[in-house]
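Beneath this line is the structure, given in structure tokens, with notes to follow.
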Amino acid sequence: MLLEDFFEKVTTHWKAELPFAIFKKPSDENIYAYLNESKKINFGNGFDEEGFVFSPFIESNKKAIWFSKASSTILAAHLYTDILVDSLEENSNVLHTNVKDKHISIIETALEKLVLGELQKVIISRVETLTIDKQTPIKWFKNMCKLYPNTFCYCWYHPKIGMWLGASPETLISLNNNSFETIALAGTMAYQGTTNVQWGAKEIEEQQMVVDSMLNALKPIVLHIEKGKTLTQKAGSLLHLKTLIKGTLKSTSQLSKLVEVLHPTSAVCGLPKVKAQAFILDHEGYDRNFYTGYLGEYKPMGITQLYVNLRCMEIEEKQAKIYVGGGITPASDPVLEWEETVNKSKIMKAIL
């Protein structure tokens, strides 16, 4: 399909207030769309039907939403760069001091729990709300594809839920039959022209915690598992530590169990998972909703790739709610952690 026709069909669908998901996989030159024909919300009850899944941070509060292939029109087009938006303006919104103070205060409370040994690590996040003139999802999606070609770029919409966009650097699962790959991703620093950087002890420790927790959680459901080298990955204006983990499931029907084991990962929740999750719910002071959930296309007869919903925002009328967070360990500096969230917020600000 011609790219112009692709975006025209999506725009028509959106103006008719019908659900859709458009997405581009990392380093892929093609884009895809699920145009759902019904305004009914279809909740998933397991990976038993091909389609596009969008799951929240905590499924006990909200359930995963499915756009099944059977009830959707599927589009695909080649993304050539000369149709993308060329001029991007930096957002200049100023944060209020009390937002910073509140975030730092929550981190300080977390550090008390960490020093006492009640937690090993916890991810503290916040939401930053910006005013927008109008909703331009197609333009925003094009901007994401141009700025962040090595991430999973998406725009998801349901008239009864709202609109979400993101450029995630983190894969939750890649599955082919019963062979799977997943990535442990943690540690953050600003990109300054090179990936040849020296990581600090705090970031290295944080990454090792994530790797160890994932390996331990996966052992009961795999035939074998192996860990790759830890590398530096660039994601937009940021760098992260990345470790590839791959293995073979005991059964091809265990994808639901695999997701249950991995989600939410310690990279978006913390360690121990249950205690970290409880701390988040008690102290963050807002509903993460689909932030740090997962999404992607499920193909029972092909390669399934699901991504963690990071570097994302929610659109509500003339507001853009940008979600950002960071991993807190005993070595964390609250002010530096605040600055990390400021850097991460620029990922979505750049596309508006």
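If the limit is 23 Å between Cα atoms, which of Lys24/Lys346; Lys100/Lys321; Lys121/Lys242; Lys234/Lys349; Lys102/Lys142; Lys9/Lys142 go over it? Those over the limit are Lys102/Lys142. Taken about its Cα centre, region 129-240 carries a charge dipole of about 480 debye when Lys and Arg each add +1 at the Cβ and Asp and Glu each add -1 at the Cβ. Taking Lys229, Lys273, Lys139 in turn, the Gaussian network model of the chain (Cα-Cα springs below 10 Å) assigns the largest fluctuation to Lys229. Multiplying the residue separation of Asn216 and Tyr191 by 0.36 nm and removing their Cα-Cα distance gives an extension gain of 5.9 nm. Over region 143-248, Cα pairs under 8 Å with separation of 6+ residues give a relative contact order of 29 percent. With all protein chains in place and a 1.4 Å probe, the accessible surface of region 1-60 carries 47 percent carbon and sulfur. Relative contact order, percent, of region 94-178 when contacts are C-alpha pairs under 8 Å separated by at least 6 residues? Over region 94-178, the number comes to 16 percent. When the alpha carbon coordinates of region 155-307 are projected onto the principal axes, the ranges are 42, 42, 33 Å, largest first.
Inter-label distance, Leu281 to Lys227: 3.0 nm, where each label sits 7 Å from its Cα along the C-beta direction.
Taking only protein heavy atoms and a 1.4 Å probe, the accessible area of region 160-255 is 48% carbon and sulfur. For the chain, the relative contact order works out to 25 percent when only alpha carbon pairs closer than 8 Å and six or more residues apart are counted.
Largest mean-square fluctuation among Asp133, Asp101, Asp28, in a Gaussian network model of the chain whose springs join Cα atoms under 10 Å apart, belongs to Asp133. Exposure check, 1.4 Å probe, all protein chains in place: Phe43 carries approximately 120 Å² of accessible surface.
For region 289-326, list residues with backbone N below 18 Å from a point placed 7 Å from the Cα of Gln135 toward its Cβ? Residues 290-291, 312-323 qualify, since their backbone N sits under 18 Å from the label point.
Just checking the listed ones, Val210, Val342, Val127: in the Gaussian network model of the chain with Cα springs under 10 Å, the one fluctuating most is Val342.
Computed from the alpha carbon atoms alone, the convex hull of the chain holds 132 Å³ per residue.
Across all Cα atoms of region 178-248, the radius of gyration (one decimal) and Dmax (whole number) stand at 13.4, 42 Å.
Once the chain from Val115 to Lys102 is taken as fully extended at 0.36 nm per residue, the excess over their C-alpha distance is 2.7 nm. Rounded to the nearest 20, the Cβ-based charge dipole of the chain about its Cα centre (Lys and Arg +1, Asp and Glu -1) stands at 480 debye.
In summary, the aspartates and glutamates within cross-link reach of Lys229, defined as a Cα separation below 18 angstrom excluding same-chain residues under 8 places away, comprise Glu170, Glu181, Glu203, Glu205, Glu206, Asp212. Heavy-atom accessible surface of region 215-352, averaged per residue, reaches 40 Å², computed with a 1.4 Å probe.
So, counting K/R as plus one and D/E as minus one, what does the shell of residues with Cβ under 9 Å around Ala235 add up to? Local net charge: +1.
The values are calculated or read from the model by the stated rules, or taken from the named source; none is laboratory data. If you're wondering where the values come from, they're calculated on a predicted model, not measured in any experiment. Using ideal geometry, Cβ is built from the backbone for each residue, glycine included, and neighbour counts are taken over all protein chains shown. The area values use the complete protein model at the heavy-atom level, side chains included, leaving out ligands, DNA and RNA. Shrake-Rupley method; radii C 1.70, N 1.55, O 1.52, S 1.80 Å.
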